[in-house]
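Here the structure comes first, spelled out in structure tokens, and everything after it is commentary.
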Amino acid sequence: MEPFKTLTAKACPLPLANVDTDQLIPARFMKRSRAEGYGEVLLHDLRFDGDGQPVAGFPLNDPRRQDAQILVTRRNFGSGSSREAAVYALADHGFRCIVAPSFGDIFSSNAVNNGLLPARVEEDEAEALLAWLEDGGETLTVDLEACRIVAGNTVFAIQIDPVWRTKLMNGWDDIDLTLSHLPAIEAFTAADRRARPWALPVRD
Amino acid sequence: MTGANGGQAGGLFHGHGARTLFDKIWDMHAIVTREDGETLLFVDRHLVHEGSHHGFGKIGARGARVARPDLTFGVADHYVPTRRAGGVADPGIRGMVEQLSANTEAAGITLFGLDDPRQGIVHVVGPEQGLTLPGLLIVCGDSHTSTHGAFGAFAFGIGASEVAHVLMTQTLWQRRPKRMRIHVEGETGPWVGAKDIALSIIARIGADGAQGHAIEYAGPAIRALSMEARLTLCNLSIEAGGRCGMIAPDETTFAYLRGRPFAPRAADFDAAVAAWRDLASDAEAVFDREVTLDAADIAPVVTWGTSPEDALPVDSAVPDPASARSPAKAAQMRDALAYMDLKAGQKLTDIAIDRVFIGSCTNSRIEDLRSAASVLKGRKAAIPGLVSPGSSAVKRQAEAEGLDRIFREAGLEWVESGCSMCVGMNGDIVPAGERCASTTNRNFKGRQGPGARTHIMSPAMVAAAAVAGRLADVRRIVESA
Ligand code: SF4
């Protein structure tokens, strides 16, 4: 995974609350494999009308916001279904950081597992960032090392779980780390079988 | 690094303090805890479904194997057709069901597939088969895994990367969430059930109100709930943003579990019950947050907007964004009203409905079907609708009780079990612009199909809406007999 340290990039406002993962990637698109890519179906039913034409005025369709790598949005982003494809859609579309006052728990961990930074700010700060973007602001700098966002002359602190921050900054994958604990897992399993004999499924 | 084994680890984290139910279960599963606070937890049950294909794909790409096929169970539910005659017509959908069969067979995982009498929605099947037990750690690549917490298990949804991690190692790294206790005091009134309690909680604390928290439900109104109702309540924990929801096991739990296929048997069962009796929060245990509701204040509720927090008693009116507590909330409400095509001030019972859906892991167990049928018995539905039982076993039982006849005679369609119109992956969708009264869990934009408008409520309230052709108070419908 590509490490995330600092990112200076175009930002796109998405002034909606509760953007759930069903909206990020509608269920009917989830049959595809990752290799086919999910970027074009990101927020599909908000971005396109019933005839597949781009909805005028939807921020992602704004010519000024093309190539945006940072999304600024309202509370409870990524709530709902655990579908990791929601993160694939964002990442394949080119986003590397989402800024919001709160995120769905499962979405956040999926994001971190794919190198996408879920950066939390206060609700009034998210509103200020949205207003700044609506007023013509374009480029933000996200500095994960310093845990801050720079928008023009304003600096906002971002909040992120320290473990997730380390994982993102190093581009780490959990599985390698876990495999180094195999002896501990085996010891646990043996002791647990005695401590909780009822925990195994009973089969005929 | 601190090693922690077999249930004695609590003191390492909390000094000599009393522990919550959640902490006791967490400590039983902690393998190692890193300096940075992340803990490697052992997974007792991993449930997979058609949507788990990304996880299998990831381990395939690594050339890795499934570590514990004996603790992994597959269920075909998300994509299965609810009208099964003639097999699966759509090749894309058939591919999803076949891929699950191939992945589970290759790994030696027990599968409750399309033609298995044990098939059903994963969160209905787990409890029904006795795979879900108190004190277990259960994961599944589905957010409503919180359902299984009804038995006093720590159960939560995970993403595809985590599914791959569990398949390969039977473990998962987690940071210990905060603990929240939700007390429901008193007694509920007639026709008020777990769905109304859950939606009232979410309306009160918000759809992100429990983010970062493990919820424990407690109090007399919770103790009084049947196992089915507890499953409904815990199912909706994720709609409050909770990491999981749980209820300490008691006699209701043990009675439900005795004799279930994969549960311990005979003397082993009694020994298990003795161990499970310790699974309760200590009297002095401290929670990070406590919320209290009085069951007597809870009325039958419906949602009006596009988030489960948009729930109100059925006898109220569509709220006015002008009265919102913040500009951001007002914007959210305006957006929801526009999508739902509703006006502030409109009476909820004036909202006409186009169809109904009774099903999903939230409300499709036998009690739910009995409740809906008791309203529909001898009445006609004014609008079309679909009834999909939560599992093939529930379907057989409902048919043995004659419930299918009541639904059919009322004019509703009685179909096979699966996720169906809850998520529309199998092709059962609500047409664009139509309004559906649903027993499901998500009134999100487009959840039941592009442009579909969803109102969520209890099975009895959906039945009432079917009879009235609009949102209706079930108490009025049954009184008018
Ligand atoms: S019924 Fe709905 S919520 Fe439940 S597992 Fe299926 S898709 Fe998910």
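The values are calculated or read from the model by the stated rules, or taken from the named source; none is laboratory data. Here the structure is a predicted model, which means the values were calculated and not measured. All Cβ positions, glycine included, derive from the backbone under ideal geometry; neighbour counts span all protein chains shown. Calculation scope for accessible area: heavy atoms of the full protein, side chains included, ligands and nucleic acids excluded. Shrake-Rupley method; radii C 1.70, N 1.55, O 1.52, S 1.80 Å.
The residues in the range A:3-54 that are open to solvent by less than 20 Å² (accessible area, probe 1.4 Å), aliphatic (A, V, I, L, M), in a helix (DSSP H, G or I) and facing chain B (nearest Cβ under 10 Å) can be counted, and the count is 1. Take the conditions surrounded by 14 or more Cβ atoms within 10 Å (Cβ to Cβ), outside any helix (DSSP H, G or I) and more than 7 Å from chain B (Cβ to nearest Cβ) and apply them to A:L168. Does it pass? So A:L168 fails the test.
In the range B:158-168, the count of residues that are within 12 Å of chain A (Cβ to nearest Cβ), of a type in the set (S, T, N, Q) and either open to solvent by 10 Å² or more (accessible area, probe 1.4 Å) or more than 28 Å from B:I25 (Cα to Cα) (or both) is one or more.
So, of the residues in the range B:427-439 that are away from chain A (no Cβ under 12 Å) and assigned to a loop (DSSP other than H, G, I, E, B), which turns out to be farthest from the ligand (Cβ to nearest atom)?
B:E434
Of all the criteria given as (1) of a type outside the set (F, W, Y); (2) more than 14 Å from the ligand (Cβ to nearest atom); (3) buried (at least 24 other Cβ atoms within 10 Å of the Cβ), the one not satisfied by B:G120 is (2). Within the range A:171-204, being open to solvent by less than 50 Å² (accessible area, probe 1.4 Å), facing chain B (nearest Cβ under 10 Å) and within 30 Å of A:V72 (Cβ to Cβ) holds for one residue alone: A:D174. Within the range B:267-295, the set of residues being open to solvent by 20 Å² or more (accessible area, probe 1.4 Å) and of a type in the set (V, I, T) comprises B:V286, B:T292.
Only one of B:H46, B:H16, B:H54 is within 22 Å of the chain's Cα centre (by Cα) and either at pLDDT 95 or above or surrounded by fewer than 24 Cβ atoms within 10 Å (Cβ to Cβ) (or both); which? Just one listed residue meets the conditions, B:H46.
All conditions but one from (1) over 30 Å from B:R277 (Cβ atoms); (2) part of a helix (DSSP H, G or I) apply to A:I185; the one that does not is (1). For the range B:65-82, does any single residue satisfy the condition of being in a helix (DSSP H, G or I) and open to solvent by 10 Å² or more (accessible area, probe 1.4 Å)? Looking for residues that are in a helix (DSSP H, G or I) and open to solvent by 10 Å² or more (accessible area, probe 1.4 Å), one finds at least one in the range B:65-82, hence yes. Could you tell me whether B:L111 is in contact with a strand residue (DSSP E or B) (Cβ under 7 Å, 6 or more places away or on another chain), under 30 Å from B:R175 (Cβ atoms) and away from the ligand (no atom under 16 Å from the Cβ)? Answer is no for this residue.
Would the range B:455-466 turn up any residue that is within 12 Å of the ligand (Cβ to nearest atom) and not in a strand (DSSP E or B)? The answer is no; no qualifying residue exists.
Residues are listed down the side, and each one gets a yes or a no for (1) under 23 Å from B:H144 (Cα atoms); (2) part of a helix (DSSP H, G or I):
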site: A:L60; (1), (2): no, yes
site: A:R64; (1), (2): no, yes
site: A:D67; (1), (2): no, no
site: A:V72; (1), (2): no, no
site: A:S79; (1), (2): yes, no
site: A:S82; (1), (2): yes, no
site: A:A86; (1), (2): yes, yes
site: A:A89; (1), (2): yes, yes
site: A:D92; (1), (2): no, yes
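Taking the stated definitions as given, is B:A263 touching a Pro at 6+ places or on another chain (Cβ under 8 Å), part of a loop (DSSP other than H, G, I, E, B) and not assigned by TED's automatic domain parsing to the domain that holds B:K445? Answer is no for this residue. For the range B:169-217, the set of residues classified as within 19 Å of A:H181 (Cβ to Cβ) and facing chain A (nearest Cβ under 8 Å) consists of B:T169, B:Q170, B:T171, B:W173, B:R175, listed by residue number. B:G424 passes every criterion in (1) away from the ligand (no atom under 16 Å from the Cβ); (2) within 14 Å of another protein chain (Cβ to nearest Cβ); (3) under 19 Å from the mean Cα position of the chain (by Cα) apart from (1). Tell me, yes or no, whether the range B:158-178 has at least one residue that is closer than 30 Å to B:D282 by Cα, more than 16 Å from the ligand (Cβ to nearest atom), outside the structural domain of B:K395 (by TED's automatic domain parsing) and within 19 Å of the chain's Cα centre (by Cα). No, that holds for no residue.
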